[in-house]
Each structure stands twice: as structure tokens, then as C-alpha cells.
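Chemist: Just passing along the structure, written as C-alpha cells.
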Amino acid sequence: MGSWKIRAGQVAGVRREWHSTGSLEPYDIVHHDAFVAVKRPFRSALRLLTAMGKTTIYDVVDCWAQPADGLRYRDLPAIRGWFREFVRDLAVDGVIFPNRTMREDLGDLVPNPTTIYHHYWPGMAPIEVREQARLVGYQGEPEYLGQWRAVIERICARHGLRFVVNPSDYRNLDIGFAARGGVHASTLAHRYKSNVKLANFYGAALPCVVNDSELAYKETDNGQVRFFATERELEDRIVELLPYETRLEAHRSFLDERHKYTLEAIGDQYDAFLRTCHERRELAPTGRYPAAP
């Protein structure tokens, strides 16, 4: 799974003493002090670890069933009711949210909430800006685009561009594109999906156009991200990025921004949060933080 690869496997690689695993073994339990469950809460394992005095963290990234829960819980009261039940018996010292909006909406239902954004893919190199734009690209599950795939393909055809899905290398692209449509364009997705696609655009210093419904992108906008809500706005933003100088300006600003989303920078945030939760646990080893109300 993408969430596991990014939020567990890759993050665990930034510290020699960290380790990622799909199943807990006795060696893991004995030789580690803090544990982070990613996406799936593994409730029985968290209860066991808590009983043994270990520090436990839950990273909630993409924790809902997609798209089923998005269709079922359509507004904030319904979402809060679902999440309250989801975390009610969670034995954790802290919770990591993938964006600020999710933490603000739901953070009062869990102990010690924080926000840690996604890093961009390790090894990603910046593009070279070409005089003439030729390729617009999207990375992700094609079905998540919904109606936007036909829209962006029409726009690209009108302006002598080609749209590609899951390019082999971001350095082949001139403009990045991100949107969510159809059954995948739910309130849950729009408010709580991570910033990973924009983080990758920063990592590649790739000028981009993204749907303004996804709040993680707005939270991490450096002022050079182009947003759209309608087909007309999407076309206007694409046309806006066609001139070389405009793309070069966005590219240079992304080069200045990309350091915030390196694997190492995000790993440092995990490290700091783990240490904070562990220190709090040491100060109150016999008590648990309040359960969700």
C-alpha cells in the first residue's frame, strides 16, 4: 500500500534504530520503546504494547474505507460521529494527522494530536524547465480522476499538449496535475487526504495545477500553486503556465520550498513527536490520556 510504503517503510529508514514491520514479533516488542501504527490501528497490539509500558502512536493517514465511507459520511457532524467511534477504544499516547484540517476537525477526540505532512518520494530530482511545454502529468490511481480525466485531456488537446497518467519520470513533464472526481471526491477525501501529490511536485520543482477542493494542498501552498474549481478555471490555469518564464518562476519557487518535504525533514518531525510522547509517558506511566468524549 502507498500509505505503508511512504509513512512506515520510508520514514523508518531515516534512523538506524527504527524498523518497519507488517507483524509484531517478540524481538520487536522487547527491543523498541515506541510504536507507530499506520492507517490500520491494530487495536489488540496497541493494547498489549500499552500494558507493557510502551509508547504508542497512531498515524491516521487514509484510515477510512474508500470510497465507501466517503459516500456514507457526507458532512462534518456525521464524520465526527464516525471518528469518535473509530478511536473510542484506541490505546495510544498520541495521534498523527496528515493535514491541519483533519487535526482541527477531529483532534479534540484523541490524545496529543499533531500534524505531519507527507514527504516527497526519495531520490526525486528537479526537472529542467523546457522552452515549450509538451506534457501534463498525473500520478496516482486513474479512476480517482473521475470526470476530470476527460476534461484535462480535452484542454490539453486544444493547446497542443499531451496528458499522461503515471509517467515513468517526473522529469519528462512540464506541468503537474492533481484532481479527484466521481465517488472519490468526497468530503472525507477533500478535507483529509494528504498533500503527497503536491509534495512530489515540490520535490520535482514541477509547476502544477491542482483542484482547490483538497485542503491539504491549500495548507501547503507556497503561493505559486495554481488552483482550479471549474473546467474554465482549469483551462485558464494551464494556459497561464504555458509561457516559459511563468513556469520558470514557479520552478524556482518550488526549489526553495522542497527542503520542507524531504524524507529527512519529515523524519525529524516524527522523531520529535515520538520523543515528546515518550517523555510524557515517562512522567505519567500509570495513567492514560483521556479517552475520546
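The values are calculated or read from the model by the stated rules, or taken from the named source; none is laboratory data. Predicted model only: the values in this text are computed from it and were never measured. Please note: Cβ atoms are built from the backbone with ideal geometry, for glycine as well, and neighbour counts cover all protein chains shown.
Rundown of residues vs (1) aromatic (Phe, Trp, Tyr); (2) in contact (Cβ under 8 Å) with a residue 60 or more places away in the chain, yes/no style:
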residue: 5; (1), (2): no, no
residue: 36; (1), (2): no, yes
residue: 74; (1), (2): no, yes
residue: 86; (1), (2): yes, no
residue: 94; (1), (2): no, yes
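Chemist: OK, next. Considering 28, 69, which residue is in contact (Cβ under 8 Å) with a residue 24 or more places away in the chain and either surrounded by 14 or more Cβ atoms within 10 Å (Cβ to Cβ) or not basic (Lys, Arg) (or both)?
Modeler: Working: 28 fails: in contact (Cβ under 8 Å) with a residue 24 or more places away in the chain.
The unique qualifying residue is 69.
Chemist: While we're looking at this one, here's another question. Considering only region 216-235, I want to know if a residue exists there that is touching a residue at least 24 places away in the same chain (Cβ under 8 Å) and touching a His at 6+ places or on another chain (Cβ under 7 Å).
Modeler: The answer is no, given that none of the residues of region 216-235 is touching a residue at least 24 places away in the same chain (Cβ under 8 Å) and touching a His at 6+ places or on another chain (Cβ under 7 Å).
Chemist: Just need a number here: residues in region 115-125 that are surrounded by 17 or more Cβ atoms within 10 Å (Cβ to Cβ) and out of contact with any strand residue (DSSP E or B) (no Cβ under 6 Å at 6 or more places or on another chain). I'd like the intermediate steps shown before the answer.
Modeler: Keep residues of region 115-125 that are surrounded by 17 or more Cβ atoms within 10 Å (Cβ to Cβ), which gives 115-121, 124.
From what's left, out of contact with any strand residue (DSSP E or B) (no Cβ under 6 Å at 6 or more places or on another chain): 117-121, 124.
Total satisfying the criteria: 6.
Chemist: Residues 239, 196: which one is among the β-branched types (Val, Ile, Thr) and either farther than 23 Å from residue 130 by Cα or in contact with a Lys or Arg (Cβ under 8 Å, 6 or more places away or on another chain) (or both)? Break it down into steps so the answer makes sense when it comes.
Modeler: Details: 239 fails: either farther than 23 Å from residue 130 by Cα or in contact with a Lys or Arg (Cβ under 8 Å, 6 or more places away or on another chain) (or both).
196 is the lone residue from the list that is among the β-branched types (Val, Ile, Thr) and either farther than 23 Å from residue 130 by Cα or in contact with a Lys or Arg (Cβ under 8 Å, 6 or more places away or on another chain) (or both).
Residues checked against (1) in contact with a helix residue (DSSP H, G or I) (Cβ under 9 Å, 6 or more places away or on another chain); (2) assigned to a loop (DSSP other than H, G, I, E, B); (3) not small (Gly, Ala, Ser):
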| residue | (1), (2), (3) |
| --- | --- |
| 224 | yes, yes, yes |
| 249 | no, no, yes |
| 254 | yes, no, yes |
| 257 | yes, no, yes |
| 268 | no, no, yes |
| 271 | no, no, yes |
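Chemist: Somewhere in region 221-243, is a residue of a type in the set (Gly, Ala, Ser) and surrounded by 18 or more Cβ atoms within 10 Å (Cβ to Cβ)? Step through it out loud before you land on a result.
Modeler: Going through region 221-243, the residues of a type in the set (Gly, Ala, Ser) turn out to be 223, 229.
The next check asks that each one be surrounded by 18 or more Cβ atoms within 10 Å (Cβ to Cβ); those that pass are none.
Within region 221-243, none of the residues are of a type in the set (Gly, Ala, Ser) and surrounded by 18 or more Cβ atoms within 10 Å (Cβ to Cβ).
Chemist: Sort out which residues of region 83-111 are modelled with pLDDT of 95 or more and surrounded by fewer than 16 Cβ atoms within 10 Å (Cβ to Cβ), and write them in order of number.
Modeler: Once the filter is applied, which keeps residues that are modelled with pLDDT of 95 or more and surrounded by fewer than 16 Cβ atoms within 10 Å (Cβ to Cβ), region 83-111 yields 84, 85, 104, 108.
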